Amino acid sequence: MLSVDMENKENGSVGVKNSMENGRPPDPADWAVMDVVNYFRTVGFEEQASAFQEQEIDGKSLLLMTRNDVLTGLQLKLGPALKIYEYHVKPLQTKHLKNNSS
């Protein structure tokens, strides 16, 4: 299971430590739909996680999502959608690009 640093930051994000024991590949590009859903459940977006499942967002899709996709395509409330994009989707995309640009 994913270990979560429960110290919530002021911006609504939660520090997440990825371990090999969480049953999910460390690279988000390799995540299945349920890996994405479980990630968002674990970081505190229980209600919004189902939208990723309904839209069949896997890791590759997650890494391709734009701000507009998250804000409008998932039919989420604006506040949670902004936090999901800014504090989770965007950093995952940046980390993925950084790790795969050599």
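The values are calculated or read from the model by the stated rules, or taken from the named source; none is laboratory data. For clarity, every value in this text was computed on a predicted model and none was experimentally measured. Cβ atoms come from the backbone with ideal geometry, glycine included; neighbour counts cover every protein chain shown.
Does residue 6 qualify as being part of a loop (DSSP other than H, G, I, E, B) and at pLDDT below 95?
no
Inside region 79-94, can you point out the residues that are under 15 Å from the mean Cα position of the chain (by Cα), loosely packed, with under 14 Cβ neighbours inside 10 Å and either of a type outside the set (Val, Ile, Thr) or outside any helix (DSSP H, G or I) (or both)?
If the condition is that a residue be under 15 Å from the mean Cα position of the chain (by Cα), loosely packed, with under 14 Cβ neighbours inside 10 Å and either of a type outside the set (Val, Ile, Thr) or outside any helix (DSSP H, G or I) (or both), then 91 is the only one that fits.
If I ask for residues that are out of contact with any strand residue (DSSP E or B) (no Cβ under 6 Å at 6 or more places or on another chain) and not in a helix (DSSP H, G or I), which ones from region 43-78 would you list?
If the condition is that a residue be out of contact with any strand residue (DSSP E or B) (no Cβ under 6 Å at 6 or more places or on another chain) and not in a helix (DSSP H, G or I), then 45, 55, 56, 57, 58, 65, 66, 74, 75, 76, 77 are the ones that fit.
Just give me the residues in region 50-102 being out of contact with any Leu (no Cβ under 6 Å at 6 or more places or on another chain), within 14 Å of residue 39 (Cα to Cα) and of a type in the set (A, V, I, L, M), in sequence order.
Once the filter is applied, which keeps residues that are out of contact with any Leu (no Cβ under 6 Å at 6 or more places or on another chain), within 14 Å of residue 39 (Cα to Cα) and of a type in the set (A, V, I, L, M), region 50-102 yields 57, 62, 63, 84, 89, 92.
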